[in-house]
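Read the figures in this text as sums done on the coordinates, not as results from a lab. Keep in mind that this is a model prediction, so the values were computed, not measured. Cβ sites come from the backbone with ideal geometry, for glycine too, and all protein chains shown count toward neighbours.
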Amino acid sequence: MKLINQLRVDFGQFLFVQDKVCRWAPEENTVYYTAKDNINLLHELGHAICGHKDFVQDIELLHIERDAWEKAREIGQKYGVKISENQIECAMDEYRDWLHQRSLCPNCAQTGLQNRSDGRYECFNCQVIWKANDARTCGLKRRKLVR
């Protein structure tokens, strides 16, 4: 039986919908997956099982993603889908790179610190405060905020 069919049976509490991009949509209780990408399908199912919703501070994303990958590896063992540590680290590197880009000051390009509960960043070099868009499905934009 195809993996997706078995997952639909074993994880009937979630909807599984084929799409152009793999993602977990908690507000819809839906795992979106692409054809022939079992590893990312399991990763997104990992988010679903872990109950991941969203994050405010970027560092939370790394914890959420690591948890989802570990859950995906665990699920994969049951279904004969091997997910190596190298595959996980490559994916984690993409998140780290994305977070680094978000943290770069739009004024002087120095790395800032996200030390606010509302997700804003602050540059210690030039004191600019900014907020970055989600940019998971579009281009990254950083907007300077008035102090």
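Here are the numbers:
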item	result
Once exposed loop GluC sites (Glu not before Pro) are cut out (DSSP; at most 16 other Cβ, 10 Å), longest piece of the chain	29-147
Total formal charge among the other residues, if their Cβ is under 12 angstrom from that of Lys141, Lys/Arg +1 and Asp/Glu -1	+4
Label-zone membership for region 38-56, site Gln101, 7 angstrom Cα→C-beta point, backbone N under 11 Å	none
Antiparallel bridges, percent of DSSP beta bridges restricted to the chain (to nearest 5)	75 percent
5 Å binning of all Cα-Cα separations within region 3-102, expressed as whole percents from 0 upward	2, 13, 24, 26, 20, 11, 3, 1
Listed pairs Lys2/Lys82; Lys20/Lys78; Lys2/Lys71; Lys36/Lys71; Lys53/Lys78; Lys36/Lys78 exceeding 23 Å between Cα atoms	Lys20/Lys78; Lys53/Lys78
Summed side-chain charge close to Cys22 - residues other than Cys22 whose Cβ falls under 10 Å, Lys, Arg +1, Asp, Glu -1	-1
Debye, to nearest 20: dipole size of the chain, +1 on Lys, Arg Cβ, -1 on Asp, Glu Cβ	460 debye
Gained length - Thr34 relative to Tyr79, 0.36 nm times residue gap less alpha-carbon distance	14.4 nm
